[in-house]
1. May I ask you to derive the FRET efficiency for residue 39 and residue 162 from their Cβ-Cβ distance with R0 = 45 Å, giving the value to the nearest 0.05?
2. Tally Lys/Arg at +1 and Asp/Glu at -1 over every other residue whose Cβ is under 13 Å from the Cβ of residue 190; what's the total?
3. Name the long-range amide H neighbours of residue 46: under 5 Å, sequence gap of 5 or more, or other chain; modelled H, no Pro or chain starts.
4. Can I get the semi-axes of region 149-220's equivalent ellipsoid? Compute them from the C-alpha gyration tensor as square roots of 5 times the eigenvalues, in angstrom, largest first.
5. Using a Förster radius of 25 Å, what is the FRET efficiency between residue 117 and residue 63 based on their Cβ-Cβ separation? Nearest 0.05, please.
6. Step through the table entries 78/144; 31/60; 37/189; 155/189; 60/142; 31/204, compare each Cα-Cα distance with 32 Å, and write down the pairs that go over it.
Amino acid sequence: MVIQNPFTGEKQNSLHKTPRPFEPPDDIDYKIITMSKGDTIFYSGDLANSIYLLDIGRVKFCQFSSVGREIITRICGKNDLFGLEAFNSDYYQTSAVALCNSVVEIIPMSAFKVHQEEILDAFHKQYLEILEQYNHWHLPVKTKLACFLMRQARKYGLQKTDGWLEVELMLSHDEIGHCVNSSRTSISKSMDELKKIGFLTNVKRKTYQINLHQIQDSIPF
């Protein structure tokens, strides 16, 4: 499927490396909507009656702790499915918020009767991704930050030179802290430490280059 970016007019087959999990059946009435940065696609507690496929952009999923601190459980990009709680819950468990201008397909549950295998596979991968993120929470801040940056670079990054990937995170230091259970101050300090050892360079605001070779020698796992 060729998607025209409504914000730039550019027609593209792919904005990121993840292939489309499937094509929705032609006889199913599904909607394509555009979201601006900061728009909420659905809230935690909303009735889960649809599943979503991201065509363009990036979306974060967040919950709030008992003291009101935001916890970002996952980031998704082009061709990722989300809202999969609809398969085992009546309500969405997180809020979905566009990190940038995005295009989203809203697909009714009836469309997935012939795609159960693909949906279950996507659900399993998302569960493992969230579990891996939570398993890193006990690590030192610099280590879990490096793990997070490496995952984002491998999933959304562009190859620049041998071993270096460039990735636009679309997240502030505060939001990165919400992803790895750390404070903004700790993230900023750890960013500086990672730059000093050659793992990370700052290309521009919220855009970084990650040295995947350096991580094995410099970061304690």
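1. On the way: r = 38 Å, r/R0 = 0.85.
It comes to 0.70.
2. Values: positive: 142, 144, 184, 189, 195, 196; negative: 192, 193.
Summing Lys and Arg as +1 and Asp and Glu as -1 gives +4.
3. Amide H neighbours of residue 46, under 5 Å, 5+ apart: 92.
4. One finds semi-axes of 19, 14, 11 Å for region 149-220.
5. Details: r = 29 Å, r/R0 = 1.14.
It comes to 0.30.
6. Working: 78/144 24 Å; 31/60 21 Å; 37/189 27 Å; 155/189 25 Å; 60/142 22 Å; 31/204 35 Å.
With Cα atoms farther than 32 Å apart: 31/204.
Bear in mind these aren't lab numbers, they're just calculated from the coordinates by the rules spelled out. Not measured: the values here are computed from a predicted model. All Cβ positions, even for glycine, are placed from backbone atoms using ideal geometry, and neighbour counts span all protein chains on display.
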